[in-house]
Amino acid sequence: MIRLWLGIFSLLPALAGAQERNEGDGGAAPAKQGGGEETYAGKVVVIKVGPKDMLDLRKFQDWKKVLERVEQEKARAVVFRIDAPGGYATQTFELMEQTAGLTVPSVAWVEREALSAGALLAVSTRTIYMAPDSLIGGAGALSLNQEETPAAVQKHMSLLQAKTRTVAGKQGHNLELIRVMLGAPEEEKRFGSVVVPKGSILTLTASEAASEVDGKPLLARGVVKDIEELLEKEGLAGAVIATGTAKPQPNSKGAVPPAERQGVKREEGEEKEDLPGKTQEESFQGQIVVLRIGESDLVNKQSFKFWRRMLRRAEDEKAAAVIFDIDTPGGYAFKTKEMMTEITRLKVPSFAFVNEDALSAGALVSVATDGIYMNPDSLIGAAGLVSSTGEIEEMMRKKLHSVFEAHVRAVAEKKGYDPELIRAMMIPDEKRDRVFGEVVVKKGELLTLTANEATSLRDGKPLLAKGIVTSLEELAAREGLEGVPVVRAEPTPFEHFAWWVAKYSFLLILVGMGAAYAEMKAPGFGIGGAISLTAFGIFFFGNYVAGNLAGYEMVALFVLGLILILVEIFLIPGTGVAGLAGAVCIVAALLFGMVDKVEWGDWKGGELSGNFLDVLRGPVLSLGGGLLGGSILIVVLMRFLPDVPLFRFLMVEKKLAGGASLPESAGAGHEERVGWTGDTLTDLRPAGKAQFGDEALDVVANDGSFIPKGARVRIVEQDGMRVVVAQIDAI
């Protein structure tokens, strides 16, 4: 145990030298708020509706109370800040009716997505505004009981449409438009320049929602970049903003504009972390950063985390450009969607070099860049949605098509690509052939383009790609970046190892626990301590290099936990306070050591598409698996380790001198110790020490009873892992 303790302390200098401490927290400082209870009177109340909020029943209860306060205290207006992909049906209906019944002006600002239940909430307000890259629609399916019969689903849909028509009509929205958001039309529908094909559910981009039809906005009054611009358009400029929470909050004298990049952005002059093994040997400043997307990278979640960190580094360090070197058959759809959003937000020029194949998710990544270049023999397209678990149910497929098509359409329009061309890559048309210049897509087929087809001209412009190149250098020259240094941001073998550590952290926790137990129960046996030290050392160092929070602070917290446990065992046994505090410190260090640093920063900065529990879900599962597995391993060791030949060989055995309490024939064998008598050196609560002749042994009282210091005891059981004693007077 002493060797384990010394080994852990020897690990601290290495980890301390591996990490430079940041001076700043990397996030925007929150505005100061005054004390006292806040009233909503005369204020604009902002209610944030996040991605998971409409699946949280407590949120609906809070919103109900907030809206009641808004009405009673005569707020100036209420603004729903919506980024919600779905939610519960019944609770959404109730919230819609309460919102539509407000006498206070109600406004919805679609910050990212208002889909399904989020769209229904938006249309229950009087006025809708869109953020530049936001989406609204796809309201054809809410969270229903999976076992509902077709008749029950049909009844639910009928109720959904009736209630939504009532609320939307009361607020003055286009009822025909709302109908095609709720269900697929049986024939093609047109709303100005927006065409809804037969059998498709409508999802609108920001520009489409704000487009005019017959001199009126189609759905949204306008596109605004933040709450301040919204208030200015509504004639509420300068109004005091209050946060819409169920309990009174401190006064806020004004809105805090969201940072352009919160959570991980470094301020000018702030030092960067020096993480050994990570791809940061040189700065990206003024260089072309190349990110390789290989065959299996888009099905590796760690790859997405790595690219996200590299993109933020490229922007923060002012790289000249980012080039994606792509050769992939596809990957995870929703992770790719997040990746597209990350790329479109880049302020650094981005390009895709299709170096063989950019299929499925690879094609979508390409569309998010500022320009696409093709290798002479390359292909791009075939981006249809598929499931690894089987066929996607028809209604769910329509919903996914609606969401992804709208998202990709918004990205394509922003980057200057033809949305219909990209749609042909994602969704087959079962009715007719589609023609794009010289390229014809047969009915029922998805579009896949060769290099020549992708660069062919239509109306004097390239169909998709800017040109055909044979190398990254040629691409750079085409973009006026000839001679600019190129740096490849690729994970090192050491970083790949760290990814493995992050993925299988529960195994390291399991091994560390079992080995530590073996070390404590085997005097003179040092292999257990070495294994435990190695397991926990790899755990912290590997998670640290993988981009998690397992830095010097978490190691210090872990060591503090060990100190408290040792204090409990050797200095104040039996109190339980220090031991409990130590266990909490160790569990907290292991848990937060597995939390992704970027997600943690995004959550702190308010940019994470989820809540605090989403950040901790993966680490909690890994920690739970490790603790459960470690407990099982300890039970197995208690039962079988004493009989393992290697363990017996490594045990230090020692002859004991005879005495009044020890028969002359007594040796150090486990069985021969039974019957020895001696005196306790410490209180047994129920563990402690007792003296038997010339040997002091770690012992435990039978039945977990308390035995005071100095009591006469006899060994009643010895199994190799523990010595069980009973007080002689109690036998």
Query raised in the report: In the stretch 293-314, how many residues are surrounded by fewer than 19 Cβ atoms within 10 Å (Cβ to Cβ) and either farther than 23 Å from Tyr544 by Cβ or outside the structural domain of Ser471 (by TED's automatic domain parsing) (or both)?
Result: 4
Report summary line: the stretch 490-574: helices (runs of 4 or more DSSP H) wholly inside it with 3 or more residues that are surrounded by 23 or more Cβ atoms within 10 Å (Cβ to Cβ) and without any contact (Cβ under 8 Å) to a residue 60 or more places away in the chain are 527-545
Query - Those residues of the stretch 38-97 which are of a type in the set (Phe, Trp, Tyr) and within 11 Å of Gly118 (Cβ to Cβ), in sequence order - result: Phe80
Report summary line: If we ask which residues in the stretch 159-217 are in contact (Cβ under 8 Å) with a residue 12 or more places away in the chain, surrounded by fewer than 15 Cβ atoms within 10 Å (Cβ to Cβ), in contact with a strand residue (DSSP E or B) (Cβ under 7 Å, 6 or more places away or on another chain) and under 24 Å from Met396 (Cβ atoms), their number turns out to be 0
Report task. For Ala382, state whether it is aliphatic (A, V, I, L, M) and farther than 26 Å from Ala476 by Cα. Result -> yes
Query raised in the report: In the stretch 339-381, how many residues are part of a strand (DSSP E or B) and in contact (Cβ under 8 Å) with a residue 60 or more places away in the chain?
Result: 11
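The values are calculated or read from the model by the stated rules, or taken from the named source; none is laboratory data. Computed from a predicted structure; not experimentally measured. Glycine also receives a Cβ, built like all others from the backbone with ideal geometry; neighbour counts cover every protein chain displayed.
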